[in-house]
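Just so it is clear, none of the values below were taken in a lab; they were calculated from the coordinates. For clarity, every value in this text was computed on a predicted model and none was experimentally measured. Backbone-built Cβ (ideal geometry, glycine too); neighbour counts: all protein chains shown.
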Amino acid sequence: MKRYLRDNNSIRVSRSVRDLAYKAIQFKERYTKEQGKEPKIDEIAKELGVTKEDIAFSFDAIQDPVSLQEPVYSDGAESIYVMDQVKDSKNTDEMWTEKMAIEGALQKLNEKERMIVVKRFFDGRTQMEVADEIGISQAQVSRLEKSAIVHIKRFYR
């Protein structure tokens, strides 16, 4: 019966990891009673003779899993779910394909045009900053930038 209760979990966690977590919790409770404050993770690790990463891992391992469909907030009409909180809007399939296309277009440019486009549009520098950095005039930066944009547009057609 004990084994069934111990092993019948959605995620299998080794006994040694669970034991470490429980020892850490016991130390944490004892330390809090004695010192009046919670110990830092490195204090727990030092007391138990393990790394602080092992302590953090063991604490994470004994947490119950949460469904992505679990409601976090509800006002009656609309709910916010865990999925809404962890959604990654930067790494969508669309962004991935755009990034590949942009990298492909940049490879078609000569070295100077590529450097100017990267500094201007990805690093957020002004034409004057780019000109000073690479030792050419602002007008040359402007011409090279326009030329690069024309080449990129041609690549996309």
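Couple of notes before you dig in:
- Take the Cα radius of gyration of the chain and divide it by 2.2 N^0.38 Å, N being the number of residues; the result is 1.84.
- Interchain or long-range residues, amide H under 5 Å from Y81's placed H: V72
- Test item: Cα-centred dipole of region 84-157, Lys/Arg +1 and Asp/Glu -1 on Cβ, debye: 420
- If R0 is 30 Å, the Cβ-Cβ spacing of R15 and V86 corresponds to a FRET efficiency of close to 0.50.
- Cα→Cβ-extended label distance, 7 Å offset, between S67 and D132, nm: 5.8
- Vicinal HN-Hα couplings computed from phi for region 25-31 (Karplus, 6.51 cos²θ - 1.76 cosθ + 1.60; Hz; Gly/Pro x): 5, 4, 4, 4, 5, 5, 4
- Computed across region 93-156, the Kirkwood hydrodynamic radius from all distinct Cα-Cα pairs reaches 12.1 Å.
- Length-normalised contact order of region 93-156 in % [C-alpha pairs under 8 Å, at least 6 apart]: 38
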